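Report on the following structure.
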Amino acid sequence: MNGLFSLQVSSVLSYALAVALPLLDAIIPVLPSETVIIALGVATAGSTDPRLALLVACAAAGAFLGDNLCYILGRRFGPRVEGRFFRGEKGARRLAWAERSLGRFGMQLIIVCRFIPGGRTAVTQCCGIIGYPRRRFVIATAVAAVIWACYAFFLGRIGGRAFEGRPWAGFAVAFGITVVLSGLVEAIRRIRAWRVTRVSRRTD
């Protein structure tokens, strides 16, 4: 992690990480893509180099490409993807939730799922499996990628500026905020799902 705090806009590695990790994180959710983008924001907190915009664009591009890779995998290799990522009772529930939610919220869900732990992979792959309209998917993932990249990077910059000279403290605060916000989004999702289930049971 200390190495990340030394990265700057002049480093090719900064751009490579900004693209590669958000892309690969779509199919390997354990990769710390958000952590790295926040750390890059902390590392460049004191810079006003116009290439910062390119760094954010790289992060957005990586996220966008990763989402669309998931869609393609789900579309072309549906049964294999289901067996790999949605096996077991828990996986089946995740897939069923994603399909129900897509039918109800559509593009809004694709955007919001970017901030739900584990939601990104489930929803984007489900879009491919069920044949969600490609044009709408591309628009939604483009919007989600830009929002996410700006959010993670500039949150890191804010933390870095607030704790100048103490990058670990700036990173800890920024990362803590993302954890809290993600938890709130997940809590709201669960409450809404509970309410929907409760209403449907009453009408049965």
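The values are calculated or read from the model by the stated rules, or taken from the named source; none is laboratory data. Remember, predicted model here, so these are calculated numbers, not experimental data. In this analysis, Cβ positions are derived from the backbone assuming ideal geometry, glycine residues included, and neighbour counts consider all displayed protein chains. Side chains are part of the model used for accessible areas, which takes the heavy atoms of the whole protein and leaves out ligands, DNA and RNA. Shrake-Rupley method; radii C 1.70, N 1.55, O 1.52, S 1.80 Å.
Return the total of residues in segment 34-67 being over 11 Å from Ala145 (Cα atoms) and either in a helix (DSSP H, G or I) or hydrophobic (A, V, I, L, M, F, W, C) (or both). Break it down stepwise before answering.
Residues of segment 34-67 that are over 11 Å from Ala145 (Cα atoms), as a first pass: 34-55.
This time we only want the ones that are either in a helix (DSSP H, G or I) or hydrophobic (A, V, I, L, M, F, W, C) (or both), so: 34-43, 45, 52-55.
Qualifying residue count for the region: 15.
Of the residues making up segment 40-58, those that are closer than 14 Å to Leu17 by Cα and open to solvent by 40 Å² or more (accessible area, probe 1.4 Å) number 2.
In segment 86-97, the condition of being open to solvent by 10 Å² or more (accessible area, probe 1.4 Å), in a helix (DSSP H, G or I) and in contact (Cβ under 8 Å) with a residue 60 or more places away in the chain is met by at least one residue.
In segment 5-23 there is no residue matching the filter, namely being closer than 21 Å to Val179 by Cβ, outside any helix (DSSP H, G or I) and touching a residue at least 40 places away in the same chain (Cβ under 8 Å).
Kindly establish whether Ala16 is open to solvent by less than 30 Å² (accessible area, probe 1.4 Å), of a type in the set (Gly, Ala, Ser) and within 24 Å of Gly159 (Cα to Cα). Show your work before the answer.
Working: open to solvent by less than 30 Å² (accessible area, probe 1.4 Å): no; of a type in the set (Gly, Ala, Ser): yes; within 24 Å of Gly159 (Cα to Cα): yes.
So Ala16 fails the test.
When Leu21, Leu69, Leu109 are checked against the criterion of being under 21 Å from the mean Cα position of the chain (by Cα), open to solvent by less than 20 Å² (accessible area, probe 1.4 Å), among the hydrophobic types (A, V, I, L, M, F, W, C) and at pLDDT 85 or above, a single residue qualifies: Leu109. Within segment 21-34, the presence of at least one residue that is out of contact with any Ser or Thr (no Cβ under 7 Å at 6 or more places or on another chain) and closer than 22 Å to Ile158 by Cβ is confirmed.
Which residue is surrounded by the most Cβ atoms within 10 Å (Cβ to Cβ), if the candidates are limited to segment 112-146 and must be charged (D, E, K, R) and closer than 24 Å to Glu34 by Cα? Show your work before the answer.
If we filter segment 112-146 for residues that are charged (D, E, K, R), which is where we start, we get 114, 120, 134-136.
Checking the rest, the ones that are also closer than 24 Å to Glu34 by Cα come to 114, 120.
Working: Arg114: 23, Arg120: 25.
Ranking the candidates gives Arg120 first.
How many residues are in contact (Cβ under 8 Å) with a residue 60 or more places away in the chain and over 20 Å from Ala162 (Cα atoms) when one looks only at segment 29-55? Qualifying residue count for the region: 2.
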